[in-house]
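Trainee: If you scroll down you'll find the structure; I have some questions about it.
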Amino acid sequence: MLDGVVIDNKIMEKDKKRIADLSISAVILNYNGGQNVLKCVQALYQQEVLLDQVILVDNGSTDNSAQIVKERYPDIELILTNENLGIAKGRNVGLERAKTDLVLLLDDDIYVQTDTIKNLALSLRQNKAAVVCPRILLYPQTDIVQCDGANPHFIGNLKLSNGWTAEASLTQISSQVGGCIGACMLFDRRIIQSLGNFNDEFFFYFEDLEFSLRVRAMGHIFVCEPNARVLHERGSGTPEIAFRGQGSYPPLRAFYNIRHRWLTILLVYRLKTIILLVPVFLLFEIGTIIFVLKNGWINQWVRAILSLTRILNKVKPNREMIQKNRVVGDGALLFGGDLEFAPGVINSSLQAKVISIYSKTSNSYWKFLLHSFLYNG
């Protein structure tokens, strides 16, 4: 038993039901998932609804985890990439195999509850959403919500909704959100494929931010359904990249953070918005440089900027496509509020005070822009 997820006895296939006329598949991205990916798959086979496909994309794992899953569940569709393609490209490999109306996309350390997919699918249909995300709870601290979706902050990152909050204090009412993290989501495959799936340039980190902004810019909505609950393993994460609030912040994560934040801004933000936000962007970048200098990572900042300059020829046509087809302006697309960083990044009272002052000042400036320049979206 995994706190509500039975992992030993399958629900009989004859007892599972299809939701109306919807067909659903699950696509799992695995990278050295070990026992976590096995528990992830086992939980999927406990769903109340019929899954037409269960696809496991093994992103160049070296721990034999994919083979273990295939031996236990021979009917699973296993795709071996034979190399680590990164998060965005790995997900796209699985999406190309999916043939169903709806796709549940999840990481290898996500454990769905038995009624999760049913509740997600019903919510997607009822709310006419393109994407529905579940309430993500931490595991093993299952009383703490990691997030109920997320909102893209104008500074260029995702701000978790109800992040790190006791579930007992929250409602069970579904609501529109500005986006979601990539750990788990259900979406209409046809809509997402028409928008180009995930952007392959995002190897790790912020692929969900760019995805959320791009989908909503085209006029589609995201909904969080808190009655659909999943558990997110709080393990060590991906070596050399993951950060769990303890120890040193990984320099490679800093590289991807810097690179992909600016890549998202260059792709999705309107030129007018970028120009108007130059003052807050400049101050934020100064803070970033101070952070990397303090940690001895100035080479990561330089690498990130140089990497961006090398792919500008790819950024330009993608940006033109997004700007040409978008129907939602930045004033409606982006959110304000306090800046949010991963727990453990801010580790001194002085840092916290400086960031608080910057956050309040930049947020006031954002409100001014909304009122004076971006009020029409």
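Trainee: If the cut-off is a Cα-Cα distance under 28 Å, which lysines reach LYS367, setting aside same-chain residues fewer than 8 apart in sequence?
Mentor: Within the straight-line cut-off, LYS367 pairs with LYS159, LYS272, LYS324, LYS353.
Trainee: Another question, then. For region 251-372, with equal point scatterers placed on the C-alpha atoms only and solvent neglected, what are the log10 I(q)/I(0) values from the Debye formula at q = 0.10 1/Å, to two decimals?
Mentor: The Cα Debye sum returns log10 ratios of -0.36.
Trainee: Ranked by Cβ crowding within 10 angstrom, fewest neighbours first, how are MET321, MET185 ordered?
Mentor: Arranged by neighbour count, lowest to highest, MET321, MET185 become MET321, MET185.
Trainee: Give the peptides 289-295, 261-267, 102-108 in descending order of average Cβ contacts within 10 Å, highest first.
Mentor: Packing order, densest peptide first, comes out as 102-108, 261-267, 289-295.
Trainee: Summing -39500 (n - 2.57) over the DSSP H runs of n ≥ 4 in the chain and dividing by its residue number, what mean residue ellipticity at 222 nm do you reach, to the nearest 500 deg cm²/dmol?
Mentor: Result for the chain, helices only: -12500 deg cm²/dmol.
Trainee: Taking the Cα centre of the chain as origin and charging only Cβ (+1 Lys, Arg; -1 Asp, Glu), how large is the dipole, in debye to the nearest 20?
Mentor: Approximately 1300 debye in magnitude.
Trainee: Another question about this same structure. Are there chymotrypsin sites (Phe, Trp or Tyr not before Pro) in region 177-206 that DSSP marks as loop and that have at most 12 other Cβ atoms within 10 Å, and which are they?
Mentor: Taking region 177-206 and a limit of 12 other Cβ atoms within 10 Å, no loop chymotrypsin sites (Phe, Trp or Tyr not before Pro) are found.
Trainee: In 10 Å bins starting at zero, report the fraction of Cα pairs in region 13-233 per bin as a rounded %.
Mentor: 9, 36, 40, 15, 1
Trainee: Springs between alpha-carbon atoms under 10 Å, Gaussian network over the chain: tell me which of ASP109, ASP21, ASP200 tops the mean-square fluctuations.
Mentor: Top of the fluctuation ranking is ASP21.
Trainee: Continuing with this model, one more query. Can you give me the C-alpha center-to-center distance between region 173-233 and region 276-346, rounded to a whole angstrom?
Mentor: Using only Cα atoms, the two centres lie 19 Å from each other.
Trainee: Mind pulling the per residue volume of the convex hull built on the Cα atoms of region 280-350? Å³ is fine.
Mentor: 137
Trainee: Relative to the longest principal axis of the chain, what angle (0 to 90°, nearest 10) does the C-alpha long axis of helix 116-127 take?
Mentor: 60
Trainee: Also, quick follow-up: Mean-square fluctuation check for the chain, GNM, Cα pairs under 10 Å: which of ASN157, ASN119, ASN325 is largest?
Mentor: Of ASN157, ASN119, ASN325, the Gaussian network model singles out ASN325 as fluctuating most.
Trainee: Please find the FRET efficiency linking ILE298 to GLU96, where r is the Cβ-Cβ separation and R0 is fixed at 30 Å, and quote it to the nearest 0.05.
Mentor: Rounded to the nearest 0.05, the efficiency is 0.15.
Trainee: Please identify every one of the trypsin sites (Lys or Arg not before Pro) in region 75-149 that sits in a loop by DSSP and has no more than 16 other beta carbons within 10 Å of its own beta carbon.
Mentor: Answer in residue order: LYS99, LYS128.
Trainee: What's the angle, to the nearest 10 degrees (0 to 90), between helix 278-294's Cα axis and the longest principal axis of the chain?
Mentor: Compared with the principal axis, the helix lies near 70 degrees.
Laboratory data are not the source of any read-out in this text; all were calculated from the coordinates shown. Owing to the predicted nature of the structure, the values given are computational and were not obtained by experimental measurement. Cβ atoms come from the backbone with ideal geometry, glycine included; neighbour counts cover every protein chain shown.
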